[in-house]
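J.: Quick one: the structure is below, and I'll ask about it shortly.
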Amino acid sequence: MIAALAAATALAAPSREALIERWLHANAAHRIGRLAVPPPRALARTPDLGALARQELSTLGRYRLTLAPAQVLPVPWWRRAWDWIAGRWDDLWRSIATRAHVGERAANAIGYALLALVGLMLLAVAARLVRNMQRSRRGRRSTAEPLEAAPDPDALYREACDFANQGEFGNAALRLFAAAVAALSRRGVIAATPSATIGDLRAALRRKRAPLVPAFDAVVAPFVQTAYAERPIDAPQWQAAAAAFDAFLS
């Protein structure tokens, strides 16, 4: 009985070759099945972030973005003047070119010559303006400086007498001449300028007050002897000059 069951089981079980064939068949079917499956979906393309940002910002009013107004720089006056001159220059040159048939080289030469002429004119005008400004500045400076006080003939005469009392008749003669010139200038008879010579003063005195010429010569004589001849002055010469000086005070 047992032997019969074992024989039936052995006959019912597949053989080794059948199992190998079944396994190979099953593996091939599995491989074919996997190959039959459609391929997976391709990966999505990387989005363009810049395009997305531009699209987002292009929506008006979403982020309350306002464009700043363009800042217009002021044009200086010299630039406007230069533009005007350049425009007139172009108009002049265009009108000349349309009326006269001039070659390109000749036109350039004429243009450079005219530019040089205009430049020289501008330099001359600038130099003249600078010169006028310097003159006006010097004039204001000279008017702002206080005028030097006119010499006092009485004070000069007292100094001359002091030198004479000390026996210095040469210095006394110098002071006496200065006092005489100051007295005549104060009376408007002569113009006491630093460049005036004794001859100029004597000629002016002769034109206006001829009777005072002898007294003037008496005062001038010891002055010339001391200042130019460098010879000493004695007491009688001083007394004669001092007596003549009284005519200028009367």
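J.: Looking at V213, V220, can you tell me which residue is in a helix (DSSP H, G or I), surrounded by 18 or more Cβ atoms within 10 Å (Cβ to Cβ) and of a type in the set (A, V, I, L, M)?
T.: Step by step, each of V213, V220 is checked, and only V220 is in a helix (DSSP H, G or I), surrounded by 18 or more Cβ atoms within 10 Å (Cβ to Cβ) and of a type in the set (A, V, I, L, M).
J.: Of the residues W82, W93, which is of a type outside the set (K, R), modelled with pLDDT of 80 or more and part of a helix (DSSP H, G or I)?
T.: One residue alone meets the criteria, W82.
J.: Just a yes or no: is a residue in the range 178-187 within 18 Å of L156 (Cα to Cα), of a type outside the set (F, W, Y) and assigned to a loop (DSSP other than H, G, I, E, B)?
T.: Yes.
J.: When you scan the range 230-241, do you find a residue that is assigned to a helix (DSSP H, G or I), in the same structural domain as C161 (by TED's automatic domain parsing) and more than 24 Å from A155 (Cβ to Cβ), even just one?
T.: Scanning the range 230-241, I find at least one residue that is assigned to a helix (DSSP H, G or I), in the same structural domain as C161 (by TED's automatic domain parsing) and more than 24 Å from A155 (Cβ to Cβ), so the answer is yes.
J.: List every residue pair whose Cβ atoms sit under 8 Å apart, with the two residues 6 or more apart in sequence or on different chains, where the first one lies in the range 229-250 and is modelled with pLDDT of 85 or more and the second, anywhere, is exposed (fewer than 12 other Cβ atoms within 10 Å of the Cβ).
T.: Partner pairs satisfying both residue conditions: A244/P214.
J.: Follow-up. Which of the residues that make up the range 157-168 are surrounded by 18 or more Cβ atoms within 10 Å (Cβ to Cβ) and closer than 15 Å to A244 by Cβ?
T.: Y157, A160, A164
J.: Filter the range 71-89 for residues that are within 23 Å of G111 (Cβ to Cβ) and β-branched (V, I, T) and give the result.
T.: The one that is within 23 Å of G111 (Cβ to Cβ) and β-branched (V, I, T): I85.
The values are calculated or read from the model by the stated rules, or taken from the named source; none is laboratory data. Every value quoted in this text rests on a predicted model; they were computed, and no experiment measured them. All Cβ positions, even for glycine, are placed from backbone atoms using ideal geometry, and neighbour counts span all protein chains on display.
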